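Working notes for the structure below.
The values are calculated or read from the model by the stated rules, or taken from the named source; none is laboratory data. The model shown is predicted, which means the values in this text are computed figures rather than measured ones. Quick reminder, even Gly has a Cβ in these numbers, built from the backbone with ideal geometry, and neighbours come from all protein chains shown. Only protein heavy atoms, including side chains, enter the accessible area calculation; ligands, DNA and RNA are left aside. Shrake-Rupley method; radii C 1.70, N 1.55, O 1.52, S 1.80 Å.
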Amino acid sequence: MSELFPPSVQALLPDLIQLTYLVATGFFIVGIKRLGSPATARSGNQMAALGMLIGVIVTLFDQQIVSYQFIIAGVLIGGAIGVFAARTVQMTAMPEMVAIFNGFGGGASALVAWGEFARAAEPAIAFGAQDLVTIGLSIVIGSITFTGSFIAFGKLQGFISGNPITFPGQNIFNLVLTFGSLGLIGWFAVDPAFMTVFWTLYGVALLLGVLIVIPIGGADMPVVISLLNSFSGIAASMAGFVINNNLLIISGALVGAAGLILTNIMCVAMNRSLANVLFGAFGGDSSGGGSPAADTDRTVHETTAEDVALQCTYSDKVVIVPGYGLAVAQAQHVLKEVADKLEKKGVTVKYGIHPVAGRMPGHMNVLLAEADVPYDQLYDMEQINTEFKSTDVVLIIGANDVVNPAAKTNPGSPIYGMPIMNVDEARRTIIFKRSLSPGFAGIDNELFYADKNQMFFGDAKDSLQKISQALSEMKD
């Protein structure tokens, strides 16, 4: 496309392209900044998308590009898939879609590295050792992201068990594969013509992606998703070095850094190290059922929809703490319906969101936004924890470990030290749950048996529908 311009303009094109890349980078940075708040997240996403569109269009003027047709076709096909996905994929399926996006991003980076390597007739002459190491790293990180993301997708979708899948010596085997892949990169840099090393490197990296993710339990998916997102960015940045594209280097580095920061936030919120998440095979799938009060001889106080509706109606303030179970039950819309009816009765309703609530970072905010819950009613854990002492009723829907007082009181508990929602400070707590089965950490929740707590057994969506009906039947 650059041949459309006169020679004087073509001479300036490289500098103009780099300047435009800088503008696109500015859109990325501001976009990521605005993603930090639910109120500005939508515009932040649009700004980042605009930056990427500018980057793609400007890249068409790169004089090294030999086939514009493929790029334009890719933009059209990718845009059509994006529009289709945006219109058809439900908000509850966003974690699965993000996992797929991460996988495709990593896979694309690995393919770019492969394509650049394959273009050279004499790789040993065309690439220096540094370039070959970069190609090897792009292949390894991109391939791990590809297969790891699709295993995460399978766990989120449910056709792969949410429980940790392990075998004896798995961590040692993974460690051997990791160091083995680094050794293969070194071999590849020394002898790029020996293609057996190249294909072995690809195969080891793809296998490593599977083996890293399968031992991770379903409730650790928020950490895994953010980590794989970071990997996809790092892989893209590596691919940028391979083809010498500054925009790809910068955008990949931004995604990689943002993903790592988010991963650290998730780990801090769970009071666990990243190594423990990746190698600990911690916990299991907490979405299982079981009969109410079947797992213990201790006494709990059960309640009914009519009683919950009555208690909430005569409250000044109700705080809702949603969790993984709400997302599984897809009960966000009927929850909003209940909240609206309480507000019409003069009750102040707020939502307290734990950082790891849901199945991916920010998942609960997305679900509640889909149900048109106002942003100003959403409170982070640090914000809402100071309000529980003045709260009449806390409705805990599908959350378990993040409200377990053992995190504060029992030094022997595996979750001791984990920041939790201080719901035990409220005057009344009501837990919506199918049974008394333990949460993801596999430990009993002392809050179940507290005098001021009541258990409302059943599916979250069905329970909320009953409460909504009870509220409608009550006289103002």
If you take the charge dipole of the stretch 30-158 about its Cα centre, with +1 on Lys and Arg Cβ and -1 on Asp and Glu Cβ, which of A39, A120, I135 is farthest toward its positive end? A39
Packing-based order for 45-55, 399-409, using average beta carbon neighbours within 10 Å, highest first: 399-409, 45-55
Extent along principal axes [Cα atoms of the chain; Å; largest to smallest]: 80, 54, 33
Farthest toward the dipole's positive end in the chain, which of A450, P405, A11, given Cβ charges of +1 (Lys, Arg) and -1 (Asp, Glu) about the Cα centre? A11
Kirkwood Rh (inverse of mean 1/r, distinct Cα pairs), the stretch 80-232, angstrom: 16.4
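Largest first, how would L436, L207, L254, L177 line up by accessible area (1.4 Å probe)? Spell out each step's value before the answer.
Numbers: L436 5, L207 80, L254 45, L177 25 Å².
Largest to smallest exposure gives the sequence L207, L254, L177, L436.
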Pairwise label distance in nanometres, D372 with A39, each label 7 Å out on the Cα-Cβ vector: 2.1
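For N404, what charge total do you get from the other residues with a beta carbon under 11 Å from its beta carbon, if Lys and Arg give +1 and Asp and Glu give -1? Display every interim value, and only then the final one.
Numbers: positive: K408; negative: D401, D424, D444, E446.
Every neighbour counted, the sum reads -3.
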If you add up the charges near Y379, with Lys and Arg at +1 and Asp and Glu at -1, over every other residue whose beta carbon is less than 13 angstrom from its beta carbon, what do you get? -2
Using only Cα atoms, find the angle between the long axis of helix 246-270 and the longest principal axis of the chain, and express it within 0 to 90 degrees, rounded to the nearest 10. 30
Using just the helices of the chain, give the 222 nm mean residue ellipticity in deg cm²/dmol: DSSP H runs with n ≥ 4 each add -39,500 (n - 2.57), and the total is spread over all residues, rounded to 500. -19500 deg cm²/dmol
Quick one: which of 425-433, 143-151, 383-391 comes out on top by average Cβ neighbours within 10 Å, and what's the full order, highest first? 143-151, 425-433, 383-391
Scoring only Lys, Arg, Asp and Glu (+1, +1, -1, -1) among other residues with Cβ under 15 Å from the Cβ of I265 yields -2
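Given 25 °C and 0.890 mPa s, compute D for the stretch 163-244 with the Stokes-Einstein relation, Rh being the Kirkwood radius over Cα pairs; round to the nearest whole µm²/s. Could the numbers behind the result be given before it?
Values: Rh = 14.5 Å.
Using the Kirkwood radius from Cα pairs, D works out to 170 µm²/s.
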